[in-house]
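Participant: First the structure, then my questions, so here it is.
The values are calculated or read from the model by the stated rules, or taken from the named source; none is laboratory data. Keep in mind the model is a prediction, meaning the values are calculated, not measured. Cβ coordinates were reconstructed from backbone atoms using ideal geometry, including for glycine residues, and neighbour counts include every protein chain displayed.
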Amino acid sequence: MPTVRFGACLGHFEASMKNRELPFLVLLALPVVIVALAFFLLPLVRLAMIAGSGEDGLSAYLAVITTPRYFESLIATTLLSAGVTFTTLAISAVSGLFLERNSFPGRDLLVSLLTFPLAFPGVVVGFMVIMLAGRQGLIGEITKFLTGDKLVFAYSMAGLFVGYIYFSIPRVILTIMAAAEKLDPALEEAARSLGASPWRVTRDVILPALKPAFIASGAIAFATAMGAFGTAFTLATNIDVLPMTIYTEFTLRANIAMAAALSIVLGVITWLALTVSRSMAGSTVAAAG
Amino acid sequence: MRNTRYFYGQLAFTILVCSFLIVPVIMSVMAGITENFFKGIGSGVTLKWVWQVWDLYADTIFLSMLIAIACLACTIALGVPAAYVLSKRQGPVARAIEELLTLPLAVPGLAIALALIVTYGGYRDFRASWVFILVGHVLYTLPFMMRSVLAVLSSADFRTLEEGAASLGAGFWRRFFDIVIPNCRSGILAGSLMVVTLSMGEFNITWMLHTPENKTLPVGLADSYASMRLEVGSAYTVVFLVMIVPLLIALQKWGQPRKMRAKMREDSPELQTEPVSKD
C-alpha cells in the first residue's frame, strides 16, 4: 500500500512539474522566437511581397522564367551546382573511403590538410583559384613551360567550378568519413567470404550503405553552390550565376522587385534541395548549409 | 593492403586532392611575404605588404572581432535557452520553432540580407551601424549554437537530474542555472568556436549589409582582391589565416561536444554538428 501511494505520488509530482514548467519554458523561448520572427520571417515575407509589387506586379516571378537573361542564369547556376555536387561526391568518396579504411604513416596529416580549408569564406576560395589558375597562377606557369601557351581559366565559369569543388571537398569528406566509420565490417566480410571481388564489395555493399551520407552532403554542397556569392565576386563580376544576377539587379539596375523575386526563387530551390534530401536520407541530415 | 596497386593508386589520388587544396594556400602565404611575386621569392622576403595591410585594413580586423564577440554573446543568450526548451518539448509548437530557427541555413545569405535591407533599410541609424551586420550574423550562426547545445542536452538524462533537484526544493531558475547550464559547457564551447569561426568568415550576408564605414575582414579581403596588387591581397589572406587557424585547431580539439558521463542515451545522428560556412 505505501509503495503504491508513493508511486502515484511520484507520477503526480512529475506531471505537475511538467505543467508548472510551461510558463518558464515559454519565457525562455520568447526572446529567440521574437528575434527570428522580427529579423528573419517578417523580412522574408516582405521580400516576397516586394517581388510581387513592382511595376510588373506578380509577373516579376514569371519573368524569372520568361526573360532569357534570368532563365539562362538560373539554368547555368543549377547545372554548375549539380556538376560541382557530383564531382565533389566522387572525389570525396574515393579519398574519404581510402583514408577511413587504411592506416599508414601520414594518414592523420592528410586528413587535417584535407579539412584545413573548412572555414575559408568564398572570397578566400576565389583567391585560391586565382593562385592556381589566374594570370600569375601555377597552372598557367606549368602549361606555359610545357606547351608555350598559358592556360588561364580562373575568371570564368570553369574557375567558379574549380572554386566550388575546393569549397565543398572538406565538408563532404568529413561526412563520408564519419559515415564510413559506422559501417558494419561484418557485412563486407560476409560478401568477401562469398567470393565478391573488392570492386563488387565496394559497389554492392559499401556505396549503398553510404547513400544517406551522399544524399545529405550532396544536398548541402548543391545548396551552397546555388547560393554562394563570394567566390564569383572575387573571380569576375560578369559570371552569370544567379547570386551575381541578383546582386547586379539590386545594385546596378536598382530593380529591387526583380532582385527580390530572384532571391525568393533561389531560396525556394535551396530550401527544397535540403528538405527533399532530408526526407530521402531519413532524419539523419543536419540541414546545415 | 592486400592489393598494393589499388592502395597506391588511391594514395596518389588523395595526395593530389590534398595538393589541390593546400598548394594555393602555400602560394598565397609566399606571395604575401615576397617582394615581387611575379619575379618569384628570389626578389626578396619582406613584411612590407603585411604592414601595408595593417595600415589599410586594421579597422576591418577589429570590426570583425567586435562582431564575432557580440555575435557569440547573442547566440549564447538566445540559443542556449532555445536548445533547452526544444530538449524539453517535442510537440508541434516546439517543432515549428526548431524549423524557424534552422531555416536561415537553408536560405542563401544574399536573400537574408536583401530581406533585412527592404524591411529595415529605412531606419538610417540602424542601417548605418555595425549592429545591422550583427543581426545577419546572429541569424546565420544561431542554429549552430542551438544544435551543439541540443546534442549535449539530448545525450544525457537531464530529467532525472532535474527531478532530483526539484524534489529537494530547487526552483526552475535554480535548476536551469545550476544544473542545466554547467552540464552543457562542452556543447556551449563547441558551439562558441563554430559561431566565432563562421562570423569571422561570413561574406554573403555581410557584403550586402556593410557600409563604407563598416567593413569586416572578408569584405576588406574582397576589396583588396579587386583593387590592390596580388602581394597585398596575399598578405591580407595571411592575416586572415593567422586569425582563423587557431580557431580551426581548437574546433578539431573541442568541436564535438562531449557527452555527459552520467546515463548516456543513444546519441542521435541528426544532431551531429559540423562547422559549415556557406559563403
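Participant: Which of the residues belonging to the range A:107-125 are closer than 16 Å to B:SER224 by Cβ, within 7 Å of another protein chain (Cβ to nearest Cβ) and assigned to a helix (DSSP H, G or I)?
Facilitator: A:GLY122, A:VAL123, A:VAL124, listed by residue number.
Participant: Would you check which residues across the range B:85-97 are more than 10 Å from chain A (Cβ to nearest Cβ) and either surrounded by 14 or more Cβ atoms within 10 Å (Cβ to Cβ) or not in a helix (DSSP H, G or I) (or both) and list them?
Facilitator: B:SER87, B:GLN90, B:GLY91
Participant: Looking at the range A:194-208, which of its residues are touching a Phe, Trp or Tyr at 6+ places or on another chain (Cβ under 9 Å) and away from chain B (no Cβ under 11 Å)?
Facilitator: Scanning the range A:194-208 gives a single hit, A:LEU207.
Participant: Also: When only residues in the range A:88-106 that are in a helix (DSSP H, G or I) and hydroxyl-bearing (Ser, Thr, Tyr) count, which is farthest from B:ALA12 (Cα to Cα)?
Facilitator: Of everything passing the filter in the range A:88-106, A:THR88 is farthest from B:ALA12 (Cα to Cα).
Participant: Any idea which residue in the range B:115-162 is farthest from the other protein chains (Cβ to nearest Cβ), counting only those that are in contact (Cβ under 8 Å) with a residue 40 or more places away in the chain, within 26 Å of the chain's Cα centre (by Cα) and not in a helix (DSSP H, G or I)?
Facilitator: For the range B:115-162, the residue satisfying everything is B:ALA156.
Participant: Looking at B:THR4, B:THR75, B:THR46, B:THR60, which one is of a type in the set (S, T, N, Q), in contact with a Gly (Cβ under 8 Å, 6 or more places away or on another chain) and more than 10 Å from every other protein chain (Cβ to nearest Cβ)?
Facilitator: When all the criteria are applied, what remains is B:THR60.
Participant: If A:LYS211 satisfies every condition in (1) under 30 Å from A:SER156 (Cβ atoms); (2) under 18 Å from the mean Cα position of the chain (by Cα); (3) away from chain B (no Cβ under 12 Å) but one, which is the exception?
Facilitator: So the condition that A:LYS211 fails would be (1).
Participant: Look at A:ILE264 and say whether it is surrounded by 17 or more Cβ atoms within 10 Å (Cβ to Cβ) and touching a residue at least 24 places away in the same chain (Cβ under 8 Å).
Facilitator: yes
Participant: Looking at this structure, is A:THR78 modelled with pLDDT of 90 or more, part of a helix (DSSP H, G or I) and surrounded by fewer than 18 Cβ atoms within 10 Å (Cβ to Cβ)?
Facilitator: yes
Participant: Let me ask something additional. Which condition number does B:ALA106 fail, the rest of (1) over 30 Å from A:MET244 (Cβ atoms); (2) crowded, with 18+ Cβ neighbours inside 10 Å being met?
Facilitator: (1)
Participant: Of the conditions (1) under 24 Å from B:ARG229 (Cβ atoms); (2) modelled with pLDDT of 90 or more; (3) touching a Phe, Trp or Tyr at 6+ places or on another chain (Cβ under 9 Å), B:VAL53 clears all except one; give me its number.
Facilitator: Unmet condition: (2).
Participant: Next question, about the same structure. Take B:THR216 and tell me if it is polar (S, T, N, Q) and at pLDDT below 90.
Facilitator: In short, no.
Participant: Next question, about the same structure. What pairs can you find where one residue is in the range A:224-244 and more than 7 Å from every other protein chain (Cβ to nearest Cβ), the other is among the charged types (D, E, K, R) and buried (at least 24 other Cβ atoms within 10 Å of the Cβ), and their Cβ atoms are less than 9 Å apart, with a gap of 6+ or different chains?
Facilitator: Going by the 9 Å Cβ cut-off, the qualifying pairs are A:THR231/B:ASP279.
To keep it simple, each residue is scored yes or no on (1) surrounded by 19 or more Cβ atoms within 10 Å (Cβ to Cβ); (2) under 27 Å from A:PRO121 (Cβ atoms); (3) out of contact with any Lys or Arg (no Cβ under 6 Å at 6 or more places or on another chain); (4) in contact (Cβ under 8 Å) with a residue 60 or more places away in the chain.
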{"position": "B:PHE7", "(1), (2), (3), (4)": "no, no, yes, no"}
{"position": "B:ILE26", "(1), (2), (3), (4)": "no, yes, yes, no"}
{"position": "B:ILE33", "(1), (2), (3), (4)": "yes, yes, yes, yes"}
{"position": "B:VAL53", "(1), (2), (3), (4)": "yes, yes, yes, yes"}
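Participant: Let me ask something else. Just give me the residues in the range A:32-77 being over 24 Å from the mean Cα position of the chain (by Cα) and facing another protein chain (nearest Cβ under 7 Å), in sequence order.
Facilitator: Hits for the range A:32-77 are A:VAL32, A:VAL33, A:VAL35, A:LEU42, A:ARG46, A:ILE50.
Participant: Taking the range B:168-188, which residues are surrounded by 13 or more Cβ atoms within 10 Å (Cβ to Cβ), of a type in the set (Gly, Ala, Ser) and over 28 Å from the mean Cα position of the chain (by Cα)?
Facilitator: B:ALA170
Participant: For the range B:236-256, state whether one or more residues are of a type outside the set (Ser, Thr, Tyr), in a loop (DSSP other than H, G, I, E, B) and either at pLDDT below 85 or out of contact with any Ser or Thr (no Cβ under 6 Å at 6 or more places or on another chain) (or both).
Facilitator: yes
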